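**Student:** Okay, handing you the structure first.
The values are calculated or read from the model by the stated rules, or taken from the named source; none is laboratory data. This structure is a prediction, so every number in the text was calculated from the model and none was measured. Here the Cβ is made from the backbone with ideal geometry for all residues, glycine too, and neighbour counts use every protein chain on show. Note: areas computed on protein heavy atoms with side chains; ligands, DNA, RNA excluded. Shrake-Rupley method; radii C 1.70, N 1.55, O 1.52, S 1.80 Å.
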Amino acid sequence: MRARKILITTAALSLIFSTLAPASANNPPRRILSGWLPDYSLSRNLPTVEGNLDLIRDISPFWYGLTGATTIKDKYELGRYTTPKSTVIARLKSNGLILLPTITDDTKKLVLAGLLANPTTRTSIVQSIKDLVLRHNYDGIDLDFEVFYTQDGRSTWATTKPNWIAFIKELSTELRQQGKLLSVTTPPDFAPETKRAGNWVFSWAEIGPHIDRLRIMAYDFSTVRPGPIGPLPWSEDAVKYAVTQMPASKVFLGIPGYGRDWITKVEGVCPKDFASSVVVGAKAAVVMRSAVELATSNNAAITYNPTHAESTFTYKKAYVDPTNSASFCTATRTVWFPDEKSYTARTNLVGKYRIGGIAVWTFGMENTAAITAVRDIAKSIAPDQVVGTIATDLEQIAYGSLFNLTGTFKLPDKSPIPSLNVRFEIKNSSDSSWRTLAAGVTDASGVIALPVIVGQKSEIRLVSEGSWERAEGKTGEKTITVFPKVKLDLPASIKANSIYTISGQVSPKSADIKLTVKQDGKQIGDLITDANGSFTFKAKAVPQGLTTFQVVIAAGSKNAAGVSDEITVLVR
């Protein structure tokens, strides 16, 4: 790589990069799991999240609903909880989770479409959402606006689409200015050649540059009659199309933790308590963790369908009049539900297409085997470890000096990593966070070498760029000592027994540096630099002959101790 000068403060060090280990049975998994926490069942889904933190990087509390241009309903505050929401938020944040609460479209048919069509009300929605995020210091927001495709009708999509895109662009701009993320949850869309009925109103390609997550709701495929909840080929086609519309890392496949239980036949006359509910076509939800128990208790045989990657069974259930056991009907019911094999098949798409991960609806519905299946796959596709060392040719650097910095990057098997992007980060006493000063690329030997110019007392680290194959690596933090320089402005000669004002400058420039002035080895005063690192003092010339001046710098929070050269002046 071509050498460059970089303003950075450092000293000699030899540090090891710490990242995830190579894929193995004991490897920390890739954090590919995300999903929703609905405004119910917190007693179950919160422990599920906290028991799988090694798999999860972000979650979406399902707490909010948009009801107008300036109104957002807080579902959590509807009275069903005794634990304050602030306590739950703090609990989630304490686990290091990224919080992207979901806001749904809780308006009626065509209402949101109309609001987005008006630039004024569109901006009002943007500001309302931004205010919500900032009020609770969330990491961003997840939009789940479904009225477009469930109620508005396809004939409206051509008109709605550009307004939706404008809304996403405006919201993204506002959130990114605050360092916040934007996630969008949509139903599946598909490439035209699949001839599937997609949901193109959500405009994946157009919103792709402006969002950080796309969550595809690959479920509710079968709703009217018995069938798979989210058949695998249908789900995979949506993923396959999504990764052509935006970076694959932004794509998350939404997978169900529930199934459905349909009534397909009713024999006999149902008692009046069941007459309206036990009818052909009626259905009920069944969560994954309860499906096997339901089959077992009804002596039903479960069949796994490898094409759909879901399981199914059929059973019969009698509905008896509690006051007359002779009055009853029998319903034939068919269940489709996902299981651990379903989760395996869908999670495998993460590695196949290198997408961001999976998003489950919802945490707490799954069985233990399903989470185990996700973890096993997450381990198998975990990023490689990057082992890096960094060293300098000098350990103590004076301000303005040049030293040589060398880094070497290898895989655990000692193979060099060429063309690896590496950035240099620094944090000094005036910084609240790390700053990137420069970036470079390793050569064929996995080496990067640069000359560096010293700045001030700082901490530095090197960070390798993460990718699908390799995790981001960070060196340990190193405090760098920088010796300041002092310049004294003195005449070549001065008149005997006269008082002279002498000025000086400390580099790097900094206020409140403590100095001691010596004349002929004796202390004659203590000084403090001004905002420009400048100082002045008065000195009296001795009788004719020679006199010497020297300035000693005390160590401080922004500087190391230092001393100026001893300057000799002729007294005439």
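**Student:** Quick check: the distance between the Cα centres of the range 209-276 and the range 502-572, to the nearest angstrom?
**Tutor:** 77 Å
**Student:** Also: What accessible area per residue comes out for the chain, rounded to a whole number of Å², with a 1.4 Å probe?
**Tutor:** On a per-residue basis, 45 Å².
**Student:** Another question about this same structure. For the chain, count the residues as N, evaluate 2.2 N^0.38 Å, and divide the Cα radius of gyration by that value, please.
**Tutor:** Ratio of Rg to 2.2 N^0.38 Å for the chain: 1.37.
**Student:** OK, next. Of Ser401, Val360, Leu411, whose Cα points farthest to the positive end of the dipole of the range 341-436 (charges on the beta-carbon: +1 Lys, Arg; -1 Asp, Glu; origin at the Cα centre)?
**Tutor:** The one lying farthest along the dipole's positive direction is Val360.
**Student:** Find the relative contact order for the range 249-406 and round it to a whole percent, using C-alpha pairs within less than 8 Å whose residues are 6+ positions apart.
**Tutor:** 28 percent
**Student:** Too long at a 31 Å Cα-Cα cut-off: which of Lys73/Lys161; Lys93/Lys514; Lys341/Lys410; Lys195/Lys265?
**Tutor:** In this structure, Lys93/Lys514; Lys341/Lys410; Lys195/Lys265 exceed 31 Å between Cα atoms.
**Student:** Next question, about the same structure. So for the chain, averaging the separation of alpha carbon pairs under 8 Å that are six or more residues apart and normalising by length, what relative contact order in percent results?
**Tutor:** Relative contact order for the chain comes out at 15 percent.
**Student:** Can you tally the net charge around Gly179? Count Lys and Arg as +1, Asp and Glu as -1, for every other residue whose Cβ sits under 14 Å from the Cβ of Gly179.
**Tutor:** Here the count lands on 0.
**Student:** When only C-alpha pairs under 8 Å and at least 6 residues apart count, what is the relative contact order of the range 35-103, in percent?
**Tutor:** Worked out over the range 35-103, it gives 40 percent.
**Student:** How much net charge surrounds Asp237 when only the other residues with a Cβ under 14 Å from the Cβ of Asp237 are counted, with Lys and Arg +1 and Asp and Glu -1?
**Tutor:** Net charge in that neighbourhood comes out at +2.
**Student:** Tell me the carbon and sulfur percent of the accessible area for the chain, rounded to whole percent, probe radius 1.4 Å.
**Tutor:** After summing per-atom areas, the C and S share lands at 51 percent.
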